[in-house]
1. Tell me which DSSP H helices of chain B clear both cut-offs, 24 Å or more of axial length from alpha-carbon atoms and a mean Kyte-Doolittle hydropathy of at least -1.0.
2. Sum -39500 (n - 2.57) across every DSSP H segment of at least 4 residues in chain B, then divide by the residue count to get the 222 nm mean residue ellipticity, nearest 500.
3. If I build a Gaussian network model for chain B, linking alpha-carbon pairs within less than 10 angstrom, which residue out of B:ASP131, B:ASP160, B:ASP122 has the largest mean-square fluctuation?
4. Could you tell me which of the pairs A:LYS86/B:LYS84; A:LYS4/A:LYS63; B:LYS104/B:LYS125; A:LYS124/A:LYS197; A:LYS78/B:LYS84 are separated by over 18 angstrom between their Cα atoms in the structure shown?
5. If a/c stays under 1.5 just call it rounded; otherwise compare a/b with b/c (prolate if a/b is bigger, oblate if not). Do that for region B:5-80, with a ≥ b ≥ c from the square roots of the Cα gyration tensor eigenvalues.
6. Shape verdict for region A:59-148, please, from the Cα gyration tensor: rounded (a/c under 1.5), prolate (a/b greater than b/c) or oblate.
7. Using a 1.4 angstrom probe on the protein heavy atoms only, could you order A:LYS207, B:LYS198 from most to least accessible area?
8. Can you classify the protein assembly as shown as rounded, prolate or oblate using the Cα gyration tensor, where a ≥ b ≥ c are the square roots of its eigenvalues, rounded means a/c under 1.5, and otherwise it's prolate if a/b beats b/c and oblate if not?
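The values are calculated or read from the model by the stated rules, or taken from the named source; none is laboratory data. If you're wondering where the values come from, they're calculated on a predicted model, not measured in any experiment. Here the Cβ positions follow ideal geometry from the backbone for every residue, glycine too, while neighbour counts run over all protein chains shown. Protein only, heavy atoms only, side chains kept; ligands, DNA and RNA dropped before computing areas. Shrake-Rupley method; radii C 1.70, N 1.55, O 1.52, S 1.80 Å.
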Amino acid sequence: MPEKIVLRYFNVRGRAEVARWILAYAGQDYLDDRVEGPQSTQWKELKDKTPFGQLPVLEVDGKMLAQSRTIGRYLAHKYGLAGTSKWEHAQVDSIVDYIDEIDNCRVKYIQACMKRSDDVENVKATFLQKEVVPYLQKLENLLGGGKSYFCGDEPTWADFAVVIFLDEVASMSSDALAPYENLRALSERTHSLKGIKEYLSKRPATKF
Amino acid sequence: MGSPVTLYYFDGRGRGEVIRWILHAAGQNFKDERVDHAEWVKNPQMKTKSPLGQLPYIEVNGKTLGQSHAIGRYLARQHGLAGKDAWEEAEVDALVDFTEDIYKGWINWLHAKMENDPKVDDIRKQFLTADIVPYLQQYETILGRNKSGYLVGQGPTWADFTAVGFLDELVLMDQSILTSHPELQEYVDRVHNLKGIKEWLAKRQKTEF
Ligand SMILES: N[C@@H](CCC(=O)N[C@@H](CS)C(=O)NCC(=O)O)C(=O)O
Ligand SMILES: N[C@@H](CCC(=O)N[C@@H](CS)C(=O)NCC(=O)O)C(=O)O
């Protein structure tokens, strides 16, 4: 019997997108279950049945796993997207956590948008002109020396996490990535990977 | 035993402490290099030497690795402190991330305190009387269900080290915080008494955080 895999999250890219990319790249059949918003009764009924009262949750043959990066790592190991040695696994983890750190900063902007705060433009400018800059610069440098992906010639889920983040940055400002040649090349390369490409062409359009 | 490890972190517990606990529990010798904060700020070379411009990082065989949890996982998996199969490893990771979610609230309070934020008392109160409540409950539920005395599987993992390291910070904020949670108090004592951890706690230098 093939495993039954369900990925449960709200109808946004957010914290489930990296798992969706991994599953798409792996060509794994799964149910991309998009639950109604956090205020819905559907979610209120589901909440207590999840491990920590939050989404995303991955279900594998009825067993549940919470926490987006944990889900990503579990799937990445399963499908060979976590690097090829213990040291590489660790380097990949390190990039994923580094991205998570700055992505948490971006959440302030999303919250400002949702609250229709007067401050949106300020929050956005601080993020794009200040907060994100050292991160992009560091990642750009890590890709130096003609590397196709962070671990060399083959993609890992660190590349997916980075590119998903870059897409969000680019959607905030179309020229934000202009100075980062390596990162733009990485995006292009990753977007055209088999599985990812097809997924991107058919994924539901959502604001976040 | 693994290759020689040097840990670089500031002279505090912070995000370096879980790494120290793993190495002490594993009985692995390592160099616990304490970076002077003033030196770090003034000497840009120190930042350049670190892989991501931050602390902590480790150096192994001349190579460096950044991010406390990436380091923790790498070392814990090497020393049998990360779960016994892929699913257990994932359960451990999920709990580490779960603790990280609430640890961010603690950092938020610490910053408010260090910056003399006028709202610091409200932040502290909200954190101790509301934010941490579901987290403490969750630890209790999991320990009640798992029965081994630890969060995952039959023995200690680094998920216990991050959880107890966090509970230790709570107790420093409020001595009586675990009085109404006897199971958590027992759990904390159990982890503090593990071989390697016990000796480390007896000799570690006192720092504010
Ligand atoms: N650290 C967790 C955070 C999960 C989280 O914050 N989930 C939010 C949505 S992005 C949620 O479930 N909110 C609904 C609720 O808490 O009721 C992860 O990375 O998975
Ligand atoms: N997510 C990172 C956070 C690292 C971090 O914020 N490090 C702080 C100290 S706890 C730091 O290096 N601050 C000095 C600086 O950024 O210059 C981790 O878990 O290692």
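1. Values: long enough: B:86-114 (41 Å, -0.25).
Those that clear 24 Å and a mean of -1.0 are B:86-114.
2. Values: 10 runs with 117 residues, N = 209.
Theoretical 222 nm ellipticity from helices: -17500 deg cm²/dmol.
3. The residue that fluctuates most here is B:ASP122.
4. From A:LYS86/B:LYS84; A:LYS4/A:LYS63; B:LYS104/B:LYS125; A:LYS124/A:LYS197; A:LYS78/B:LYS84, over 18 Å: A:LYS124/A:LYS197.
5. In terms of gyration-tensor shape, prolate.
6. oblate
7. Listed by decreasing accessible area, they come as A:LYS207, B:LYS198.
8. Rounded.
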